[in-house]
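Engineer: Here it is: the structure, laid out below.
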Amino acid sequence: MKRVGFLLKVKQGLLAEYARHHTAVWPEMLEALSRSGWRNYSIFAREDGLLFGYFEAETDFEAALAAMAGEEVNARWQEFMAPYFEIPQGARPDQMMVELEEVFHLGRDATSGGEQCD
């Protein structure tokens, strides 16, 4: 498993509405994420709309994005969510996700002092 972190930015004043949509993600979107190898997916929000996303990918970030790009429901979800994001006109939110470099991880065995990053 590859741990992945990324940032996105929700437009000013739209965070509450964005969050409401995520209390009822379409079942077919959830199924596509699972099929595409996205595990333990979480999104955290700061008051100013900055989002931090985290998920575990079966292989890597690029493969996880590519798998979702092949899902028809993902295209519809990205189009639905696009108005909420500070992204260039015509871009999809998932195209703006840039992987963050992992610099530290405390593994399950806390006595080992954590795990080294690849």
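Only the coordinates and a few stated rules stand behind these numbers; no lab work does. What you are looking at is a predicted structure, and each value in this text was computed from that prediction instead of being measured. Cβ coordinates were reconstructed from backbone atoms using ideal geometry, including for glycine residues, and neighbour counts include every protein chain displayed.
Engineer: What residue among LEU106, LEU51, LEU30 has the largest mean-square fluctuation in a Gaussian network model of the chain, using Cα springs under 10 Å?
Structural biologist: LEU106
Engineer: Show the residues, 5+ positions off or on another chain, whose built amide H is closer than 5 Å to the amide H of TYR41.
Structural biologist: Residues meeting the amide H criterion: GLU56.
Engineer: Report, by chain and number, residues whose modeled amide H sits under 5 Å from the one on LYS11, excluding near sequence neighbours (fewer than 5 apart, same chain).
Structural biologist: PHE85, GLU86
Engineer: A further question follows. Could you give me the ³J(HN,Hα) list for region 14-25, computed from phi with Karplus coefficients 6.51, -1.76, 1.60 and θ = phi - 60°, whole Hz, x at Gly and Pro?
Structural biologist: Values, residue by residue: 10, 5, 4, 5, 4, 4, 4, 4, 7, 7, 9, 4 Hz.
Engineer: Same structure again: Which of GLN78, GLN12, GLN89 ends up with the largest GNM mean-square fluctuation for the chain, with Cα atoms connected below 10 Å?
Structural biologist: Evaluated over the chain, the most mobile residue of the options is GLN89.
Engineer: Take the chain, drop everything but the C-alpha atoms, weight them equally and run the Debye formula without solvent; then report log10 I(q)/I(0) at 0.16, 0.23 Å⁻¹ to two decimals.
Structural biologist: Debye output, listed in q order: -0.81, -1.47.
Engineer: Run the numbers on the chain and let me know its relative contact order in percent, using alpha-carbon pairs under 8 Å that are six or more apart.
Structural biologist: So the answer I get is 34 percent.
Engineer: What number, rounded to the nearest 500 deg cm²/dmol, is the helix-based mean residue ellipticity at 222 nm of the chain, given -39500 (n - 2.57) per DSSP H run of at least four residues and division by all its residues?
Structural biologist: Mean residue ellipticity at 222 nm (helix-derived): -8500 deg cm²/dmol.
Engineer: Within the chain, what's the longest stretch lacking GluC sites (Glu not before Pro) that sit in DSSP loops with no more than 16 other Cβ atoms inside 10 Å?
Structural biologist: The longest such stretch corresponds to 1-46.
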